[in-house]
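A short worksheet on the structure shown next.
The values are calculated or read from the model by the stated rules, or taken from the named source; none is laboratory data. All values derive from a computational prediction rather than experimental measurement. Counting neighbours? That spans all protein chains shown, and the Cβs are built from the backbone with ideal geometry, glycine included.
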Amino acid sequence: MRVAIVGSGRLGAPLGRLLAMAGHDVFFSDAEPDRVTAAAGAAEGETRGGSPLEAARFGEVVVLAVGWEAFPDVVAELGTALGGKIVIDPSNPIAERDGAAVVVAVPGGLTSPQYQQHVLGAGVRVVRTFNTKYPNELLELGIAGQRGGARADMPYWGDDDEAKKAVVPLIEDAGFTAIDGGGLSEAL
Ligand SMILES: NC(=O)c1ccc[n+]([C@@H]2O[C@H](COP(=O)([O-])OP(=O)(O)OC[C@H]3O[C@@H](n4cnc5c(N)ncnc54)[C@H](OP(=O)(O)O)[C@@H]3O)[C@@H](O)[C@H]2O)c1
């Protein structure tokens, strides 16, 4: 599958690496081009790199591995390139204030991905997953699963059943057992 990684930082880089190891066609992108080079360099196999807009146009599935508060900027930058796409949202409502991580209150009594769905717009097919592991854990557990070891569970949530079905093979290929957690209203 063609997978775009928008945000090739601590989470996006190892996630893209796992998916590339499984044979997916991974396109790394970031606001900072050096991070694209680093992520592509760390990944085995053929990967691509470029701008976030090129990535979003390329991907059948787009992973938005950017900070929670960056979603409005992503919408402004990528706009129609995300229309109709399956977007994986791993973002947790955490922001940086004066160098410290702080939890952000999600407005409107929504869950985090319900809010991101609102920011992205109804035409974007949000699936929430890959938000429950630290990057080093994700990589270690994913590689173990890919090599035939015990598989860790990876929950996923969404309101679009077809989009959820499309994401399950990515979770499995990344080395995890995909666990359907229900709709976005039930998401962690
Ligand atoms: N790290 C974790 O333990 C962890 C675990 C689970 C889920 N998550 C979630 O995963 C997401 C990414 O976290 P992270 O730790 O990987 O953060 P990170 O290391 O800061 O990586 C995010 C990357 O996205 C880039 N970026 C920001 N705005 C962008 C834009 N509009 N277009 C393209 N690239 C953009 C950032 O560049 P700049 O630095 O130049 O802004 C940075 O390189 C967050 O939402 C986080 O809640 C993280």
When region 55-67 is examined, which residues are found to be surrounded by fewer than 20 Cβ atoms within 10 Å (Cβ to Cβ) and part of a helix (DSSP H, G or I)? 57, 58
Inspect region 54-71 for any residue being of a type in the set (Asp, Glu) and touching a residue at least 40 places away in the same chain (Cβ under 8 Å) and give the result as yes or no. yes
Identify the residue in region 68-91 that is surrounded by fewer than 16 Cβ atoms within 10 Å (Cβ to Cβ) and over 22 Å from residue 161 (Cβ atoms) and, among all such residues, is farthest from the ligand (Cβ to nearest atom). 80
Inspect all residues belonging to region 20-41 and state whether any of them is within 17 Å of the chain's Cα centre (by Cα) and hydroxyl-bearing (Ser, Thr, Tyr). yes
Would you please list the contacts, defined by Cβ atoms under 8 Å and residues six or more apart or on different chains, that run from a residue in region 7-28 that is within 9 Å of the ligand (Cβ to nearest atom) to a residue that is assigned to a helix (DSSP H, G or I) and of a type in the set (Lys, Arg)? 8/35; 9/35; 13/35
Given the residues 184, 141, which is the only one that is closer than 24 Å to residue 56 by Cα, within 16 Å of the ligand (Cβ to nearest atom) and either modelled with pLDDT of 95 or more or not hydroxyl-bearing (Ser, Thr, Tyr) (or both)? 184
Quick check on region 31-51. Is at least one of its residues among the polar types (S, T, N, Q), within 22 Å of residue 145 (Cβ to Cβ) and more than 9 Å from the ligand (Cβ to nearest atom)? yes
Somewhere in region 123-131, is a residue surrounded by 15 or more Cβ atoms within 10 Å (Cβ to Cβ), over 16 Å from the mean Cα position of the chain (by Cα) and not polar (S, T, N, Q)? no
With criteria (1) more than 14 Å from the chain's Cα centre (by Cα); (2) crowded, with 20+ Cβ neighbours inside 10 Å, residue 164 comes up short on (1)
Could you tell me which of the residues 181, 142 is small (Gly, Ala, Ser), under 25 Å from residue 25 (Cβ atoms) and in contact (Cβ under 8 Å) with a residue 24 or more places away in the chain? 142
